[in-house]
Amino acid sequence: VDDGSGAPPSGVLRQVAAAIDKVRPIGSIFSVVGPVLLAADVTLTCVTSNPKLNVDTRARISAAISVYVNGLKVGDPLRFSRLAGLAYDAADDVTNVTTVSLNGGSADLGGASAAVVRCGSITIVIEV
């Protein structure tokens, strides 16, 4: 169970368990647990066409990544290749994404049925 935070409070888990217990078949057993939280530390280096917009561009890219990652559901992977696309989509003045790093590497993160990916750190470097 995930309340969107990646770490639901024990009260939420107890409420869900109580609701299931009322309707479960006799003789069945179940458990309610929170997901395994995986932090996504993202670093991108981008080239822009208008240095005057760099502060705004950095903020828009960071917000787009945060919204996307924190919107992933339990079991959804964060695809490494999606990160550059988020930068391009967030700001028209991004002309190139030269480096991308996800937790120091270039592999997807998450995807296991009991795991949820949430934003750790987001670092956006703008080259001019």
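The values are calculated or read from the model by the stated rules, or taken from the named source; none is laboratory data. This structure is a prediction, so every number in the text was calculated from the model and none was measured. These accessible areas exclude ligands, DNA and RNA; they are computed on the full protein's heavy atoms, side chains included. Shrake-Rupley method; radii C 1.70, N 1.55, O 1.52, S 1.80 Å.
Quick notes on this structure:
- The chain - Rg (one decimal) and Dmax (whole number), Cα, Å: 18.8, 66
- Here's how it looks for residue 120: its modeled amide H is under 5 Å from those of 40, 41, 42, which are all 5 or more places away or on a different chain.
- The portion of the accessible surface of region 29-128 made up by carbon and sulfur, rounded to a whole percent, is 55 (1.4 Å probe; DNA, RNA and ligands excluded).
- Residues in the chain average 56 Å² of solvent-accessible surface per residue, probe 1.4 Å, ligands and nucleic acids excluded.
- The helix-based estimate of mean residue ellipticity at 222 nm for the chain, built from -39,500 (n - 2.57) per DSSP H run of four or more residues and divided by its residue count, is -10000 deg cm²/dmol to the nearest 500.
- Relative to one another, the C-alpha centroids of region 52-95 and region 1-42 are positioned 29 Å apart.
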